[in-house]
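Comments concern the structure below.
The values are calculated or read from the model by the stated rules, or taken from the named source; none is laboratory data. Because the structure is predicted, anything quoted here is derived from the model rather than measured. FYI the Cβ positions are ideal-geometry reconstructions off the backbone, even for glycines, and counts take in every protein chain you see.
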Amino acid sequence: MINFVGAGCGAPDLITVRGARLLSEADVIIYAGSLVNKELLKYAREGCEIHDSALLNLDEIIEIMAAADAEGKNTVRLHSGDPSLYGAIKEQTDRLRELGIPFEICPGVSSLCGAAAALGVEYTVPGVSQTVIISRMAGRTPVPDRENIAALAAHGATMVIFLSAGMLGGLSAELMRGGYGADTPAAVVYKASWPDERVIRCTVGTLASAAEGIKRTALVCVGNFLDGGGEPSRLYDVTFETGYRKAKP
């Protein structure tokens, strides 16, 4: 069995209980060494075979998985954050399906969540935005034309932008081209939950200058949810009736 496990956004104790158990039971671990906190390997049992996928190509990764499966071994493929967001797992799961090798996916704590925690904010603030747009700038991996940053920015919703810290000047220009004002609140969160985490609050217009020197492992958050405004949720309003609580006049 191959278990794809989300390692979480950085701190080793932000892995799920299930993920930690799967690591401790694994005979083989293939981890994304360029992104995953190596402290997580402390969950591995003695004698576990460990491979750093930063040094491997897809064929080599699948070869390790297939060999382990043929020997009846349990393999953990440890990805950063949550595998469902920019996890690069599809090409692996497609190959495993072709080979008839069973796999399961254990979700993780995305840096999307880690960044919000570092900022002390909620992305979905009543009266401000009830939509979160997750995207990236086009780089070596292209982005469909209909999903360019300017087109998405036109919605005025909360935006969380991955894999774009090295293109902050272009990102700023695209956000403004889409309709965000230069004074719209923004933030860059570098290595959320890691010991060297940095939180830089700025505006759309000052993204590039405020976060100069940060080129990778950072999220860009954009929107008025960052300014502390908005309305209280109706959920706990004394006049709001729920299936568990009667409203009071």
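Looking only at segment 3-35, which residues are buried (at least 23 other Cβ atoms within 10 Å of the Cβ) and of a type in the set (Val, Ile, Thr)?
Within segment 3-35, 5, 15, 29, 30 qualify.
Out of segment 87-109, which residues are hydrophobic (A, V, I, L, M, F, W, C) and part of a loop (DSSP other than H, G, I, E, B)?
As a first pass, look at segment 87-109 and keep what is hydrophobic (A, V, I, L, M, F, W, C): 88-89, 96, 99, 101, 103, 105-106, 109.
88, 89, 101, 109, listed by residue number.
Given the conditions (1) over 20 Å from residue 158 (Cα atoms); (2) among the aromatic types (Phe, Trp, Tyr); (3) modelled with pLDDT of 95 or more, and given that residue 225 satisfies all but one, which numbered condition is not satisfied?
Tallying (1) over 20 Å from residue 158 (Cα atoms); (2) among the aromatic types (Phe, Trp, Tyr); (3) modelled with pLDDT of 95 or more, residue 225 fails exactly one: (1).
Of the residues in segment 57-82, how many are farther than 19 Å from residue 8 by Cα, aliphatic (A, V, I, L, M) and touching a residue at least 12 places away in the same chain (Cβ under 8 Å)?
7
Tell me the residue from 207, 175, 226 that is assigned to a helix (DSSP H, G or I), at negative phi and touching a Pro at 6+ places or on another chain (Cβ under 7 Å), please. Let's see the steps before the verdict.
On the way: 207 fails: touching a Pro at 6+ places or on another chain (Cβ under 7 Å); 175 fails: touching a Pro at 6+ places or on another chain (Cβ under 7 Å).
Going through 207, 175, 226 in turn, just one is assigned to a helix (DSSP H, G or I), at negative phi and touching a Pro at 6+ places or on another chain (Cβ under 7 Å): 226.
If I go through segment 122-147 residue by residue, how many of them are touching a residue at least 12 places away in the same chain (Cβ under 8 Å) and either buried (at least 18 other Cβ atoms within 10 Å of the Cβ) or not in a loop (DSSP other than H, G, I, E, B) (or both)?
Here the count works out to 11.
Among the residues that make up segment 24-36, is at least one of them more than 22 Å from residue 191 (Cα to Cα), hydroxyl-bearing (Ser, Thr, Tyr) and not in a helix (DSSP H, G or I)? Before the answer, list the steps.
Of all residues in segment 24-36, those more than 22 Å from residue 191 (Cα to Cα) come to 24-29.
With the extra rule that they be hydroxyl-bearing (Ser, Thr, Tyr), the set shrinks to 24.
From what is left, the residues that are not in a helix (DSSP H, G or I) are none.
The answer is no, given that none of the residues of segment 24-36 is more than 22 Å from residue 191 (Cα to Cα), hydroxyl-bearing (Ser, Thr, Tyr) and not in a helix (DSSP H, G or I).
When you scan segment 40-47, do you find a residue that is assigned to a strand (DSSP E or B) and either touching a residue at least 24 places away in the same chain (Cβ under 8 Å) or not hydroxyl-bearing (Ser, Thr, Tyr) (or both), even just one? Steps first, answer last, please.
Taking segment 40-47 first, the residues assigned to a strand (DSSP E or B) are none.
No - not one qualifying residue is present in segment 40-47.
Looking for something at negative phi, among the hydroxyl-bearing types (Ser, Thr, Tyr), buried (at least 21 other Cβ atoms within 10 Å of the Cβ) and touching a residue at least 24 places away in the same chain (Cβ under 8 Å) - is there at least one such residue anywhere in segment 83-98? Working first, answer last.
Just the residues of segment 83-98 that are at negative phi, to begin with: 83-85, 87, 89-98.
Right, trim to among the hydroxyl-bearing types (Ser, Thr, Tyr) and you get 84, 93.
With buried (at least 21 other Cβ atoms within 10 Å of the Cβ) added as a condition, the list becomes none.
Checked against the condition, which is being at negative phi, among the hydroxyl-bearing types (Ser, Thr, Tyr), buried (at least 21 other Cβ atoms within 10 Å of the Cβ) and touching a residue at least 24 places away in the same chain (Cβ under 8 Å), segment 83-98 yields no hits at all.
What's the number of the condition residue 75 fails, among (1) surrounded by fewer than 17 Cβ atoms within 10 Å (Cβ to Cβ); (2) outside the structural domain of residue 189 (by TED's automatic domain parsing); (3) among the polar types (S, T, N, Q)?
(1)
Does residue 188 count as assigned by TED's automatic domain parsing to the domain that holds residue 135, of a type in the set (Val, Ile, Thr) and either out of contact with any strand residue (DSSP E or B) (no Cβ under 9 Å at 6 or more places or on another chain) or free of Cβ contacts under 8 Å to residues at least 40 places away in the same chain (or both)? Write out each step before concluding.
Numbers: assigned by TED's automatic domain parsing to the domain that holds residue 135: yes; of a type in the set (Val, Ile, Thr): yes; either out of contact with any strand residue (DSSP E or B) (no Cβ under 9 Å at 6 or more places or on another chain) or free of Cβ contacts under 8 Å to residues at least 40 places away in the same chain (or both): yes.
It is true that residue 188 is assigned by TED's automatic domain parsing to the domain that holds residue 135, of a type in the set (Val, Ile, Thr) and either out of contact with any strand residue (DSSP E or B) (no Cβ under 9 Å at 6 or more places or on another chain) or free of Cβ contacts under 8 Å to residues at least 40 places away in the same chain (or both).
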